[in-house]
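The next block holds one structure in the form of structure tokens; read it before the comments.
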Amino acid sequence: MSQAGKDRDPFGKTLKVYSMDGSIIAEHDIRVSDRHKRPVHPEHEQLNREYRERKGAYRSETLKRFKEAFKQQGEVFIEGLKKTVSANMYWHIEEILKLTEIYTAEDITAAMKECIECGSYHKNSIKRLLKARPLENL
């Protein structure tokens, strides 16, 4: 069985492989510029492209549903979400859309309007405002 050790040289890195008795079995040059780069496999490129396309289509459809459900307030709220929670914007939008299973679109729009007025662009702000309202019979 062999052990691997890394030694630095002035031109990059060398990986030295030692035997159990301590003698060098092999040396491999490692270029610093190649660090953390993996070759992309052709089949992965296609899979990644298809995934990005599906993700983009899903996000586009989610935005469309949100804007249709909440009209002008929805568009303003989306812009606020972009500024405050940009990375998680679609998750917030999906969570707000799920609220339509419990609350009416009018109630959600009213809560959204209050959130816009105070500059609170977060799904939990809408949830808190809605919880304060009485539920209608479903």
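Values computed for the structure shown
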{"quantity": "Fewest-first ranking of L81, L63, L15, using other Cβ atoms within 10 Å as the exposure measure", "calculated": "L15, L63, L81"}
{"quantity": "In Hz, Karplus ³J(HN,Hα) per residue of the stretch 91-99 (6.51, -1.76, 1.60; θ = phi - 60°; x = Gly, Pro)", "calculated": "5, 4, 4, 4, 5, 5, 4, 5, 5"}
{"quantity": "Which of F66, F77 has the fewest Cβ neighbours within 10 Å, and the rest in rising order", "calculated": "F66, F77"}
{"quantity": "Under-5 Å amide H pairs with K13, H placed in peptide plane, nonlocal only", "calculated": "I30, V32"}
{"quantity": "Which of D107, D29 has the fewest Cβ neighbours within 10 Å, and the rest in rising order", "calculated": "D29, D107"}
{"quantity": "Sequence-distant aspartates and glutamates (8 or more away, or on other chains) whose Cα lies within less than 12 Å of K131", "calculated": "D107"}
{"quantity": "Within straight-line cross-link reach of K16, lysines at Cα separation under 28 Å, skipping those fewer than 8 residues along the same chain", "calculated": "K6, K37"}
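FYI, it's all coordinate maths here, none of it is from the lab. Computed from a predicted structure; not experimentally measured. Every residue, glycine among them, receives a Cβ derived from its backbone with ideal geometry; neighbour counts consider all protein chains shown.
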